[in-house]
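Everything below concerns the one structure shown next.
We did not get these values from a lab; they are worked out from the coordinates using the rules stated. Remember, predicted model here, so these are calculated numbers, not experimental data. Positions of Cβ are backbone-derived with ideal geometry, glycine not excepted, and every protein chain shown enters the neighbour counts.
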Amino acid sequence: MHAKTLLKTAMFLILGSLGGWIMSHFPLPLPYMLGAMATSALAVAFLPRSFMAGYAVPEYVRMPFIACIGLLIGAQVHLELLTDWRPIAALLCVVTVFAPLAHFINYRMMRRYGGYDVPTAFFSAAPGGLIEAMSLGERAGAQIGLLTVQQFLRIILVVTLIPFAISLWVGHPVGSAAGMASLSQGEISPLWKIIAIGVLGYALGRALRIPAGQMTGPLILAGLLTATGWAELTLPAWLVILAQIVIGATLGLRFNGLSAAVLRRGVTLAIVSSIIMLALGAALALLIISLADVSGSAAWLSLAPGGVTEMALVALSLAADPALVTIAHVYRIALTVFIMSAGYARITRPPSPQA
């Protein structure tokens, strides 16, 4: 079984590489990630169910490349980020408004227009914390199929829509192959050094038990080393591209096991929900810009309810303060998990008897 899993994983990574390579020839945002995601999703749709039954990309394949994204972000950290508290404070204050407001709007929409029961609507509405939403939702009795669709589609739609929307805004594609390769300009760090900092950072993330620790741990360590001048870190372009392919293929494979009927029921709500959250984020981004010296792209990306890793890739491709964006997303996930844990108990509490 282990050998079969490795062979299937190799097949999907080859397919993802092909899709990314094809898309890299067009002026598209994040071509390697989106190309890998598209080819993996198509493969899931057309391959026999018996072939795909029970398959998932092993974590030990995925985690090193998520750590690479953390290292890549950490290498962009500048000393000003560590000394100027105003941008971070502005972002965290606005995220504190965004997360519960987006959750409430989604919940009401899924109850009224989706006809979802209370636990399914509540945990499907969460603007973050995919794993936690599925775990808490299943424990509360949510319809796990619908919950899975809503949470997966939230990330996939936001990851797809945000780069295109920003491309239209700035007038040229963002996150192109050339743009990501430019992050690897300069003297490439030895592979042993990249692995050593990545492993130590991963251990740090696990020890701190922070959200997305597999990425934020390497980010923190690489950021401290870079900002203090103790060590410079430059990842080779091929490693950055491979990380995009692995992350994109993993996103596409999340459709595995989802029936067409469940997808049809959830996709319209997911599209409307994503657009509403992105519009709300765009409006609140204006508030961030008025409070601190943060670019419009960084402010909006900080409020885009996609995955931490995926939004970090977009921020990297735009040079839009990726470390700042990641801080906002880690806080968004932590806040959303708190809202899910405390909020569900509150809305399901029986009304107190009237005097």
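Using equal-weight Cα scatterers in the Debye expression, the normalised intensity of the chain in log10 at q = 0.09, 0.14, 0.15 Å⁻¹ is -0.48, -1.21, -1.39. Of the DSSP H helices in the chain, those with a Cα length along their own long axis of 30 Å or more and a mean Kyte-Doolittle hydropathy reaching 0.5 comprise 2-23, 86-112, 144-170, 260-291, 322-347. Of the residues Val44, Pro127, Leu286, the one whose Cα sits farthest toward the positive end of the charge dipole of the chain, with +1 on the Cβ of Lys and Arg and -1 on the Cβ of Asp and Glu, is Val44. All Cα-Cα distances of segment 1-112, cut into 5 Å bins from zero to the largest, leave 2, 9, 11, 13, 12, 13, 15, 14, 8, 3, 1 percent in each bin in turn. Of all the options Gln244, Gln143, Gln76, the one that moves most in a Gaussian network model of the chain with Cα springs shorter than 10 angstrom is Gln143. Near Tyr55, once Lys and Arg are set to +1 and Asp and Glu to -1 for all other residues with Cβ below 9 Å from its Cβ, the sum equals +2.
Once Lys and Arg get +1 and Asp and Glu get -1 on their Cβ, which of Leu324, Ala312, Val267 lies farthest toward the positive end of the dipole of segment 261-351? Positive-end residue among those listed: Val267. To the nearest 20 Debye, how big is the dipole of segment 212-355 about its Cα centre, given +1 on the beta carbon of each Lys and Arg and -1 on that of each Asp and Glu? That gives segment 212-355 a dipole magnitude of about 740 debye. Per-residue packing, averaged as other Cβ atoms within 10 Å, sorts the ranges 83-89, 130-136, 49-55, 108-114 into the order 130-136, 108-114, 83-89, 49-55, beginning with the highest. Between Val57, Val158, Val337, the GNM of the chain built on Cα springs shorter than 10 angstrom shows Val57 fluctuating the most. With the cut-off at under 18 Å, measuring from each backbone N in segment 1-34 to a point 7 Å along the Cα-to-Cβ line of Ser50 picks out 1, 4-5, 8. Taking the charge dipole of the chain about its Cα centre, with +1 at Lys and Arg Cβ atoms and -1 at Asp and Glu Cβ atoms, the residue from Trp230, Ala212, Ile347 reaching farthest to the positive side is Ile347. Ellipticity at 222 nm from helices only: DSSP H runs of n ≥ 4 in the chain, each -39500 (n - 2.57), divided by the residue count, give -24500 deg cm²/dmol.
Given their separation in residues at 0.36 nm each and the Cα-Cα distance between them, Ala283 and Ile188 gain 30.2 nm when the chain is fully extended.
Taking the inverse of the mean reciprocal distance over all distinct Cα pairs, the Kirkwood hydrodynamic radius of segment 226-352 comes to 17.6 Å. For segment 228-313, the list of chymotrypsin sites (Phe, Trp or Tyr not before Pro) that fall in a loop by DSSP and count at most 12 other C-beta atoms within 10 angstrom reads Trp230. Largest mean-square fluctuation among His103, His329, His25, in a Gaussian network model of the chain whose springs join Cα atoms under 10 Å apart, belongs to His25.
Dipole check for the chain: with +1 at the C-beta of Lys and Arg, -1 at the C-beta of Asp and Glu, and the Cα centre as origin, the magnitude is about 1220 Debye.
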